[in-house]
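For reference, the structure is listed below as structure tokens.
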Amino acid sequence: MSFATSRKAYDAFMGRYADQLAPLLIAFPGVEPGDSVLDVGCGPGSLTEALAAHVGAENVAAIDPSEQFATATAERVPAADVQLGASESLPWPDDSFDAALAQLVVNFMSDADAGVGEMRRVIRPGGTVAACTWDYSGGMTMLRTFWDAALALDSGAPDEAGTMHFNDPDKLRELWLRVGLEAVETDALVVEASYRDFDDFWEPFTGGVGPAGAYCLSLDPDRRAALREECRQRLGDPDGAFTLSATAWAVKGRVAD
Ligand SMILES: C[S@@+](CC[C@H](N)C(=O)[O-])C[C@H]1O[C@@H](n2cnc3c(N)ncnc32)[C@H](O)[C@@H]1O
């Protein structure tokens, strides 16, 4: 369970991107102040917190199957309705919300058709279902650097560009249409994260978060040290602070009236 981890470990690894991505994912489908919104796969609450600031915490619900993450989100946004569970079986009745958002989650669902289908079920007619996933093949520099370095040392490394199915706008559009959503549109969301130095980039991988963190932890000390060095070279042996850009593919669709 690569998401059975603390908010601190997640934030150092992915939260620094998730915090930047959240306002873009809220703006993309046009979530309005006062809308009731569900955050699916909330993690430790980046999007939940941004939604609470935009629509009011009492209008926000969130769910995640990781107990540590659901607890962290409940602590971060106490007035939100935070539940422990998975997208494939949401604990809310039909037509409960104006919008459902899933930030960096669709690829982790055990059955994405069922998970996004459930998101559609709990949205009122005319409401919106939206999500985003990383551009694993190129645009997400932090993960791309890590997996290119891993592949250079181990041709069998489980590169997320291969293991994550929903990694381009066409596959997201097809999924949205398959579950019956209408007026489906896609776009690219681009963010940037800052690093104090190379260690600030590398250390979060050793926290074991997500597939990259799990792979890093699976290596013996010598192979992990070699991977660290390969990443450092691929980043141009940075001396001091640097920033990396990250592109996510976003999709939105409307629930039929
Ligand atoms: C990369 S994290 C994204 C977390 C958060 N949305 C963010 O933007 O920081 C993926 C999240 O999906 C959750 N997840 C995994 N399987 C899920 C499922 N079937 N339904 C809902 N969430 C799931 C994980 O527990 C994890 O919190």
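Throughout, read-outs are computed from the coordinates displayed, never taken from laboratory work. Because the structure is a prediction, the values reported are computed rather than measured. All Cβ positions, glycine included, derive from the backbone under ideal geometry; neighbour counts span all protein chains shown.
Per-structure values
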item	result
Cα gyration tensor of the range 1-42 - equivalent ellipsoid semi-axes, whole Å, descending	24, 12, 8
Unit charges on C-beta of K, R, D, E only; dipole of the chain, Debye	80
Nearest-20 debye value, the range 41-181 charge dipole, Cβ charges on Lys, Arg, Asp, Glu	260
Cα centroid separation - the range 173-187 against the range 12-31, whole Å	20
Ranked packing of 246-256, 159-169, 53-63, most packed first, by mean Cβ within 10 Å	246-256, 53-63, 159-169
Solution diffusion estimate, µm²/s, Stokes-Einstein, the range 27-86, Kirkwood Rh from C-alpha pairs, 37 °C, viscosity 0.692 mPa s	300
Relative contact order (percent, whole number), the range 72-176, Cα cutoff 8 Å, 6+ residue spacing	23
Helix axis angle, 221-234 relative to the chain longest principal axis, alpha carbon, degrees	80
Among L151, Y195, Y215 the positive-end extreme of the charge dipole of the range 84-217 (Cβ point charges)	Y215
Most to least packed among 126-135, 229-238, 22-31 [average Cβ atoms within 10 Å]	126-135, 22-31, 229-238
Dipole-positive endmost among P93, M109, G126 within the range 79-156 (Cβ charges, Cα centre)	G126
For the range 143-210: relative contact order, % (alpha-carbon pairs under 8 angstrom, 6 or more apart)	15
DSSP-defined antiparallel bridges as percent of all bridges, the chain, nearest 5	55
Computed Kirkwood radius, in angstrom, where 1/r is averaged over Cα pairs of the range 22-138	13.7
Calculated P(r) tail over 29 Å for the chain, as whole % of Cα pairs	28
Positive-end residue, the range 13-101 charge dipole about Cα centroid, Cβ charges, pick of S36, A53, A18	A18
Length-normalised contact order for the range 1-142 - Cα pairs under 8 Å, 6+ apart - percent	23
Debye log10 I(q)/I(0) at q = 0.14 Å⁻¹ for the range 85-197, Cα point scatterers	-0.65
Peptides ranked, highest mean first, by Cβ atoms within 10 Å: ranges 8-19, 217-228	8-19, 217-228
